[in-house]
Amino acid sequence: MIERFLPVASTYAGDIDFVFDLIFWTVGFWFLLAQGVFFWLLVRFRKRDGVRAQYVTGELKSEKRFITIPHALVLVCDVFIVFFAIRVWYDVKQHLPEAQQTVRVVAQQWAWSFVQPGPDGRLDTADDIKTVDELHVQVGTTYHFQLVSRDVVHSFSVPVFRLKQDVIPGRVITGWFEPTRTGTFDIQCAEICGIGHGYMPGRIVIETAEQHAAWMASHSNREIAAASGPAAGGR
Ligand SMILES: [Cu+2]
């Protein structure tokens, strides 16, 4: 249902949508049923001339079951919801599949910076590719992200991935995602992080292997050209 409004672009987005749908339909069913019974009772037992109201204490066993049976049924629904929620939570937040790529995500007031390995495939080396407010990733690749903050608490949110993770100063928080479709989508900060919080949008560009390789090559060349530029200028 949610995918009609927001595309699904990660391996676990569908599972998270399923939990949302489960909660929506379960709560919706009980809401409509409870309101339906309520309004039916209002009309059925409305004030009528010559009919005296009955005083019901709700203490008899035959009366109590109108509370205990629905209560037990709602608890059974809760068990279902909690079961599926924990299963999805474990997959997204507790379990960490092997990474094919790692990207560092740096949050600050009020921008996102991204550091990706260059051609050597390793972070924190001279060929790292750094971008601001734009993250380029390859479809079908398992990424680890390392979240760090330069100042306050932010929240790394990629709605099409159904991913949201707080960024805490002084900590490196590792998580994962695997994009499943190409396109350009939003990155948001989902934590009020100061006056410019609303001006902290980023973009994630999910590319095919060829597009990503071309982007990497153009970026690496640009970095090398920038690094060698002053030397070429005869300094
Ligand atoms: Cu923020």
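The values are calculated or read from the model by the stated rules, or taken from the named source; none is laboratory data. Bear in mind that the values here come from a model prediction, so they are computed numbers and not experimental data. Backbone-built Cβ (ideal geometry, glycine too); neighbour counts: all protein chains shown.
Per-structure values
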item	result
Meets criteria (more than 40 Å from the chain's Cα centre (by Cα) and modelled with pLDDT under 95) for Arg4	no
Strands (runs of 3 or more DSSP E) lying entirely in the stretch 101-156 (those with 3 or more residues that are surrounded by 17 or more Cβ atoms within 10 Å (Cβ to Cβ) and within 16 Å of the ligand (Cβ to nearest atom))	101-108, 111-116, 143-149
Among the candidates Val167, Val132, Val158, Val205, residue that is at pLDDT 95 or above and either more than 18 Å from the chain's Cα centre (by Cα) or more than 29 Å from Tyr90 (Cβ to Cβ) (or both)	Val205
Tally of residues being surrounded by 13 or more Cβ atoms within 10 Å (Cβ to Cβ) and in a loop (DSSP other than H, G, I, E, B) across the stretch 195-219	2
Residues that are within 12 Å of the ligand (Cβ to nearest atom) and touching a Phe, Trp or Tyr at 6+ places or on another chain (Cβ under 9 Å), drawn from the stretch 169-190	Ile187, Gln188, Cys189, Ala190
Check on Asp166, closer than 22 Å to Phe185 by Cα and within 16 Å of the ligand (Cβ to nearest atom)	yes
